[in-house]
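First the structure, in the form of structure tokens, and then the observations on it.
The values are calculated or read from the model by the stated rules, or taken from the named source; none is laboratory data. Note that the structure is predicted; figures quoted are calculated from it, not measured. We place every Cβ from the backbone using ideal geometry, glycine too, and count neighbours over all the protein chains shown. For accessibility, only protein heavy atoms count, side chains too; no ligands or nucleic acids. Shrake-Rupley method; radii C 1.70, N 1.55, O 1.52, S 1.80 Å.
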Amino acid sequence: MKGLPVLSLLLWMCAVYFVGIYIFVGGFLLVRLEVNRTSTCGDVLEPRDESVDFCRAQPRFRRVVLLIIDALKIDFARFDPNNTAPRPYENKLPVLEKTVSSKPLQSRLYPFRADPPTTTMQRIKGFTTGSLPTFVDVGNNFASSAILEDNLIHQLGQAGKRVVFMGDDTWESLFPKKFYRSLPFPSFNVKDLHTVDDGILRHLYTTMVGDDWDVLVAHFLGVDHCGHRFGPDHPAMAEKLTQMDGVIRSVIDRLQNDTLLVVMGDHGMTDTGDHGGESVKETDAAIFLYSPSPVFPGPPSPNELDVVPQTDLVPTLALLLGIPIPYSSVGQVLLPLFPSHKQPEGAVARLSQLEALWINAKQVNRFLETYSGMAKDIPPESLSRLKDEFAHLSSEYLTAVREGRSPSPQLTSSLQAYLTSVRDTCRSTWARFSPLKMAAGLVILAFACLMCFLLSELSLLLIRENGAGLKAPLVVALTAGVSIAAAQLLTQGYIDMVWCLAAGAFSSEILFFWRVRRLSTPTVLKNGTKGPKSSSWLTPGCLLVPSLLVPLLRCASLLSDSYVIAEGRVVTFLVFSLALYIPVHLNWDGLLLPPSHDPLKSAGLLPSPALSPSAVRKESGTLLACLGLLVGSLYLSLSFHSCREEQGSCQPSPFLSPLSRLQDSQMKNLHYILSVISLSLWTYLLRRCLCHYGNLNSTSGTVFTARWILPLLSVCLGLHWAVSATPEDSFRNLAELIRLAQLALPRAAFCLLGLGLCLIWLDPLTVFVKTRAAASARSSSLPPARYRASTGMSPQAELHHLIPQIYQRMRRSLDDGELSRDSEVDNRPAVEAYGLGTVYSAPVLLFCGLLGIGLLLLHPEGMALSFLLLMLEMGALLHIHASSTTLSSLHGAYSGGFNVPWTPVVLWALAATQFFHATGHLPTFPSIQWSAAFVGFPDGHTGTTLPASLVTLNTFASHILFAVGCPLLLFWPLVREVRGSRGRACGDEEEDAVMEMRLRENPQQFSSALLQLSTRYLFIHGAQVFASVCAAAILRRHLMVWKVFAPKLMFEASGFLVSSVFLLIGVTLVLRVDVAVGRWFKRLIPDTSR
């Protein structure tokens, strides 16, 4: 088998796809331009002619206590005295409503609306800089980098104010060396509800009574972690909120008159405790303002704010503390905190609402002018309108100040409208696109899809070239990339790797198309006639078939937000429809039922059918039974779907919740029993399949893995589920033992998984060899069957799966009678090899099954049933494909190749997407199951690589399993081969079913079929990525682009990357088995007989 050309072509194909995705994403998800300028105390912000040091005036407040309760949604903060049966998250913070109602001049409670993405790092950026983070920033949530833009922490330090921080260590990475004193605590372990909060409480009150601070920031994480671990509707949430209520009461009791208390949430949470998106439940947090001295002019009025944007906190705190508003802030001051009438000149403490708005508007206009001079993404008409509006307002206000009269009452509302308009304009235009990069990425991806399709259809021709067709494109790509780099270095003085990669990928694609054009040109034969065109398959009739129309329809539908929202059910329907097409098509061709009796065939005047009627009935029955199993699996898999915010009344599957969240003991026990039964069936079915085909008889590493490591891994997983479901408050005497088990069991499972996968890779053969002395006397008319491979130990299996000869040369030699009688009666032993008929598929099947259990470890326990359905669906698809292949051989027109048709490949690729949804995932960031990062690591991680890898394995588990198992589509028709089903001429003796040994007899066709299968699978996923890219590019100004299309692009691209990597792993495993089989035959077969 030509393994190197196959692997090289696949690597090149994947690399071209990766480059196209990288270039497009680089143009689509650019971060907005940051203005690295800072405000200073000497800026002329007040309406005076002379320059005034803004920071020297006495501020309204000398101190601020900022209590951030992570994920404090507004529903948690409200109190309803009429609610007699509150849920665990309701009515647990009575101090807020009680204070607001009893002290209306000193306190307020508002909804505090965040801008998406609602992840902690982006929210901290938002309420410290006053700017609007962009979509791509969500990727940095767990790799926080220092904030370079002007911000409140920097301004406080510049003004000489001492900022003390305690809590979430994310602040340390965002503001390194910016705090007067810092007490960070690890934040990444979402299962830890108490470490951060308890650490803060050990220092909070002693710090407050001291005099070595001006601003105290405390960031609590218990509520957020409780939501991630248990959800909001859990007794643990009630305990956490009650604790926070006590904290707020204690802080209020210790406040001085010149201190402002701000209690706020950075974001909300969904009903499942997640966040990151832009639903109201995720964006609406709470903010509570209080001071012992009067702050507000009166009780809350009907005209007061309904919602406070988070960016508005920045200019408000800046002016109340007497520091400049950060340069890039687009927030608006909270007017209720400032007096409505004009105050005597001099003190910032006495800024009126109009004066505060003027300072705010002038700062925003200054930023707008600076930003528009550096970047050109704000539409010119909007920019001109905003400048004219500010000029008019500025003129009106300054004229009134110079003339000593009061400005018109409408000026306040006009300034508010101006600030709101600036923020809305920035929000709508700060999705900076690079049209050139987007276009380059689109072109490269479009050509990559076409190239992948051509590669699948010309696989045999390219394999015959022995990979020579790859050398020229690689050389051209390297030359083009180096040339572009040299040109950039000479003209610009630096190298932009994006365009070097684009030039290399594009040039290699063009050269490939040129070579295909040459291959498509008809060749002139020796007799002077033209040979057939190799592009005869490129006709509309061949391309517009249901197996290709289904993925085309799916790709077209990705431009619809409604389809993306309902993708899980739609893909399930597509899998069902295409699977139903197989028996309908067979029946249309008259292949599903045995042919009717024909007297001409009985008389020998016409060729007999390739299969007997009983064999046809058996295969048809198998196909229909597997179709029923497939339909049942599809229907049951819908019970494991999660819900998007846009799906309204949809209820997420109860199996998505970990057992630790369930409070009903009976329900918890039922879920655990179902999970253990599903895990046991997974293990039993996998071992039963291997045993049925005789692959558990040898002593190889792969067999050891199947016999011992597989069941041990299942036991570890079952025990881990039991330990994880144990409540923290039970078995207190065994608390340390339970904690040790939570650490040791998953790590032991990881070790067993790694050991098993390594053993399969190092020793993949599952062949058991038995030798016996040859008979002394043989018939002289028939040569002996020296090499026999069986699938089981029973005589019936030995007879049914007999492999008379291994290599084609030996077959020809026997047929031609080249072996002499002397060689027939020699004393060499005959060899029986058990499991040889499934020598390729067995290690791939075990590798896939073992990996599936490892991936299940990263999912909630209830997903075990979904994983079992995944295995059953994979088996059903394989058997449907094998049976349809066998029935299709009724033509007697079997060509001898091993090519896999488009239909099973499309079904296999669609099933990967279907089970992405059936394992509880969605193409949205709130649906990411972050808890996977802490399986085996309950105390968290020191870096981000390992947790990111675990979360990726969890998210794309279905893509991984179907990609690794993709070669099974090539092997399974051979595994279930029926004697004589591969076609024979009339009068030929019936051929034995040699199963996968046919691949050894035709190494070139084996290589071609493996390459074709892999490129077809890549093409389906690549076409889906291209469709997502087109949707994001065409609809980049669509209302739902950041809510639907951009996340879908990110997940589709990530799924393609993961699928490509694991497809390469699966193909490489097949090549590794082929090398091992070759070495085994070299040791087994004497030189004289090879």
Just checking, does the range 60-74 include any residue being more than 37 Å from the chain's Cα centre (by Cα), in a loop (DSSP other than H, G, I, E, B), at negative phi and at pLDDT below 90? yes
For F916: the one exception among (1) touching a His at 6+ places or on another chain (Cβ under 7 Å); (2) crowded, with 24+ Cβ neighbours inside 10 Å: (2)
From the option list T942, T919, T952, T924, single residue qualifying as out of contact with any strand residue (DSSP E or B) (no Cβ under 9 Å at 6 or more places or on another chain), in the same structural domain as L558 (by the TED database) and without any contact (Cβ under 8 Å) to a residue 24 or more places away in the chain is T942
Residues being under 23 Å from F934 (Cα atoms) and surrounded by fewer than 24 Cβ atoms within 10 Å (Cβ to Cβ): count how many of those fall in the range 863-885. 1
Here is a list: D266, D274. Which entry is open to solvent by 10 Å² or more (accessible area, probe 1.4 Å) and among the charged types (D, E, K, R)? D274
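May I ask you to verify whether H881 is in contact (Cβ under 8 Å) with a residue 24 or more places away in the chain, under 26 Å from the mean Cα position of the chain (by Cα) and in the same structural domain as V723 (by the TED database)?
Judged against the criteria, H881 is not a match.
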Do you know which residues across the range 633-654 are open to solvent by less than 30 Å² (accessible area, probe 1.4 Å) and either within 16 Å of L868 (Cβ to Cβ) or assigned to a helix (DSSP H, G or I) (or both)? S633, L634, S637, F640, S653
Based on this model, can you work out whether A375 counts as out of contact with any Ser or Thr (no Cβ under 7 Å at 6 or more places or on another chain), small (G, A, S), surrounded by fewer than 22 Cβ atoms within 10 Å (Cβ to Cβ) and in contact (Cβ under 8 Å) with a residue 12 or more places away in the chain? yes
Can you name every residue in the range 185-205 that is over 28 Å from L659 (Cα atoms) and assigned to a helix (DSSP H, G or I)? G199, I200, L201, L204, Y205
Do you know which residues across the range 400-437 are within 23 Å of S340 (Cα to Cα), touching a residue at least 24 places away in the same chain (Cβ under 8 Å) and outside any helix (DSSP H, G or I)? S406, P407
With the first residue restricted to the range 993-1009 and required to be of a type in the set (S, T, Y), and the second required to be open to solvent by 10 Å² or more (accessible area, probe 1.4 Å) and not in a helix (DSSP H, G or I), Cβ contacts under 6 Å at 6 or more apart or on different chains are S1007/M1; S1007/K2
Condition test on D233, is it open to solvent by 50 Å² or more (accessible area, probe 1.4 Å) and in contact (Cβ under 8 Å) with a residue 40 or more places away in the chain? yes
If E172 satisfies all but one of (1) at pLDDT below 90; (2) among the acidic types (D, E); (3) closer than 22 Å to I287 by Cβ, what's the number of the condition it fails? (3)
Please work out if T134 is in contact with a Phe, Trp or Tyr (Cβ under 8 Å, 6 or more places away or on another chain) and either surrounded by fewer than 18 Cβ atoms within 10 Å (Cβ to Cβ) or modelled with pLDDT under 90 (or both). yes
Do you know which residues across the range 241-270 are out of contact with any Lys or Arg (no Cβ under 7 Å at 6 or more places or on another chain), of a type in the set (V, I, T) and outside any strand (DSSP E or B)? V247, I248, V251, I252
Determine whether G277 is in a loop (DSSP other than H, G, I, E, B), under 29 Å from K1043 (Cβ atoms), under 39 Å from the mean Cα position of the chain (by Cα) and assigned by the TED database to the domain that holds F220. yes
Going by what's in this entry, would L623 be described as open to solvent by 30 Å² or more (accessible area, probe 1.4 Å), modelled with pLDDT of 85 or more and at negative phi? no
Of the residues in the range 206-222, those that are part of a loop (DSSP other than H, G, I, E, B) and buried (at least 21 other Cβ atoms within 10 Å of the Cβ) number 1
Within the range 390-430, count every residue that is open to solvent by less than 70 Å² (accessible area, probe 1.4 Å), over 13 Å from V364 (Cα atoms) and of a type outside the set (G, A, S). 11
If you go through the range 184-200, how many residues are open to solvent by 30 Å² or more (accessible area, probe 1.4 Å) and either among the hydroxyl-bearing types (S, T, Y) or under 23 Å from P235 (Cβ atoms) (or both)? 5
Anything in the range 95-117 that is assigned to a helix (DSSP H, G or I) and open to solvent by 40 Å² or more (accessible area, probe 1.4 Å)? List them, or say none. E97, K98, S101, S102
